[in-house]
Structures are given as structure tokens and as C-alpha cells.
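The values are calculated or read from the model by the stated rules, or taken from the named source; none is laboratory data. What you see is a predicted model; the values in this text were computed from it and never measured. Here Cβ is always computed from backbone atoms with ideal geometry, including for glycine, and neighbour counts include all displayed protein chains.
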Amino acid sequence: MSHRNAPLTPTGRLRLARCVVEDGWPLRRAAERFQVSHTTAARWAGRYRTHGAAGLHDRSSRPHHSPRKTPAAVERQVVRLRREHRVGPVRLAARCGIAASTAHRILARHGLPALAATDRATGEPVRRYERSRPGELVHIDVKKLGRIPDGGGHKALGRAAGRANRQGGGYAYLHTALDDHSRLAYTEDLPDEKAATCAGFLQRAAAWFADHGVTVERVLTDNAWAYTKNTWRDTCNRLGISPRWTRPWRPQTNGKVERFHRTLLDEWAYHRPYTSDAERQAAFPDWLDWYNYHRPHTGISGQTPASRVTNLSGQHT
């Protein structure tokens, strides 16, 4: 395979071969002229005599015979086990009696991506996308979170004491709006996820984004009851926002806000033991500010969400 710094491309080989075969140049003179070795000049001239111009293109380095090639039956077994059980090369190698590197090459040869690049539920490749500008699409979802009783729950007191301290605290409904392009997030703790509550949240979220220089054009939600009612549609129309819904049973379409909620649980809600729900809620504004303005986001090449919103005040504080 020729590379960009190769002395001879197929066109250069043809010129060299014609100088030798048709014009009668000595091999050494042609080799000096085209700055290659005597043997290289002889090879291309010989191929031109035998095969013409077609013989001057790169040839595959693959051997004609591979006596140690993995049997086709083993390849079929590797592919079948991967599709049925969704396991990686190491476990496939143990089941099929081959090396893990061999299992990896078989998967690559059949176009099967790494497990990290596939959906856990279906095994289908994850098709990632990103909108080109802030506000073009905002993902909205609700995360239901158990409230912490006064004195602490099981994380602070242990399982037995935490179970005894249950006081029927109910649930917090964390409504989140997350911009697809920048990952800038706005979250509220609300008492429920009814249609009127969701509509009110959308109005406040749109105003918050507008204060940050982002005009919301579209919102994407799942097919929850509150998002299919006229209250939601009317609110979107009044705000000049186009509503969109995910395909049924495809939560990964709204995966960016789902992933934000997982980060929220790991880095705030369950990050340390809290002695009350009020204490946990008091810690949330600082965490959200850190997420938007200071936390490097691996999904956007280590940038912060605020850095992707033009002229957003306070992004360097």
C-alpha cells in the first residue's frame, strides 16, 4: 500500500516502466531518475511487461493460503454467542476455546461493535448525535427520588436504624431540561409529575434558558401521560416551541437527560450520607452550578456546558 511520501505512486511506476520497456532506458538510469533502488525499478518494469498498466497497482499482502485460519464453524459460534448473550472477547474465547485476540478479530470482521457502543437492552449499535447549536433541542425528563426522613435514612444510620426511622417522606420529582448541544441543565424539585406541573416547569425552564442566551426551539420528552395532554401541547405552542416525543420503548433516544440524572445521583443525591432531605436539597444549587460551569464533560471533549453557550455570563467565575 503506497503512502503519501512514497517515491512511486501507480502513476510514477507507469512512467518508470515505460522509460525502461518502451524507451529502452537502462535499469540503473531509471532507478536514479525516479530515486528508487535497482531492484524496485526491475520489479515494476517486469510487472509492466507481464500485466501492463494494471499490474502496477498495489497488491494485497494477504497470503494465498492460511492453514491456521479459524474454522468457519468456530466463527459462526463466536458470532452466535455474542448476539445471544452479549459477552465480550474474553468470555467468548473461554467458551469457544480460542484466544481473546482471535475472538476480537472475528467480531471486527463481522462488523460487531464493542459492547460499550451498543444498547444494553437490544444489543443494537448506539447511534450518537448532537445538535449544532444551543436551544435547537432540549431534552426533558423526570427523575423520581425518595425523600430522606429527618435524622437520616439507611445510608446515614445503617439498614436497621434507617428502616426504623422511616416516616413516609414520599418522593421528590426532579424535573430536568438539558440542552442537547451544550449539556447545560436546569432542574427543579417538584411535588409531582402532573400535566400542569410539567407545563409550569417548561415555562420556567424556557425563561431560564432565555436568561442564559438560549432560545428553546424544540423539546424532546418520553410518552409519559403528562407530555401527551393538551396542557403540554398548548404550553409549547404558546412559547413557540415544537414538541417531540421519543419512540415507544426507546428511552435511549432521550439518553442525554437520562445520563444527566445518573450523574446527578452519583455526584449529589448519593454522594454522601445526608441527615435530612432539606440538607440534601441545600447542597443541590452548588452542585448544579459546578456541573454547568466547572465540571469537565467527557461527552463534549472535556469542555464545560457553559463554555458551549456563546457569551454566557459567569462561565469563567
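Here are the numbers for the structure shown:
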read-out	value
Pairs, first without any contact (Cβ under 8 Å) to a residue 40 or more places away in the chain in the stretch 243-255, second basic (Lys, Arg) and in a loop (DSSP other than H, G, I, E, B), C-beta under 7 Å, six or more apart	253/247
Residue satisfying all of: in the stretch 12-41; of a type in the set (S, T, N, Q) and in a loop (DSSP other than H, G, I, E, B); surrounded by the most Cβ atoms within 10 Å (Cβ to Cβ) among these	37
Neighbours by Cβ (under 7 Å, 6+ apart or cross-chain): first from the stretch 61-81, assigned by TED's automatic domain parsing to the domain that holds residue 109 and within 17 Å of residue 100 (Cβ to Cβ); second of a type in the set (Gly, Ala, Ser) and crowded, with 16+ Cβ neighbours inside 10 Å	78/103
Some residue of the stretch 284-306 being touching a residue at least 40 places away in the same chain (Cβ under 8 Å), part of a helix (DSSP H, G or I) and among the hydroxyl-bearing types (Ser, Thr, Tyr)	yes
Restricting the stretch 123-150 to residues that are part of a loop (DSSP other than H, G, I, E, B) and either among the aliphatic types (A, V, I, L, M) or within 25 Å of residue 192 (Cβ to Cβ) (or both), the residue that is modelled with the lowest pLDDT	126
Among the residues listed as 210, 206, the single one being closer than 30 Å to residue 307 by Cβ and without any contact (Cβ under 8 Å) to a residue 12 or more places away in the chain	210
Matching residues in the stretch 213-242 - criterion: being in contact with a Phe, Trp or Tyr (Cβ under 8 Å, 6 or more places away or on another chain), within 25 Å of residue 288 (Cβ to Cβ) and of a type outside the set (Val, Ile, Thr)	220, 222, 226, 227
Residues of the stretch 19-42 satisfying the condition of being of a type outside the set (A, V, I, L, M, F, W, C) and within 48 Å of the chain's Cα centre (by Cα)	35, 40
The one condition in (1) hydroxyl-bearing (Ser, Thr, Tyr); (2) exposed (fewer than 13 other Cβ atoms within 10 Å of the Cβ); (3) in contact with a helix residue (DSSP H, G or I) (Cβ under 9 Å, 6 or more places away or on another chain) that residue 301 fails to fulfil	(3)
Residues (part of a helix (DSSP H, G or I), within 23 Å of residue 199 (Cβ to Cβ) and in contact with a helix residue (DSSP H, G or I) (Cβ under 9 Å, 6 or more places away or on another chain)) located in the stretch 243-265	251, 256, 258, 260, 264
Per-region count, the stretch 171-183, residues in a loop (DSSP other than H, G, I, E, B) and either touching a Leu at 6+ places or on another chain (Cβ under 7 Å) or surrounded by fewer than 22 Cβ atoms within 10 Å (Cβ to Cβ) (or both)	2
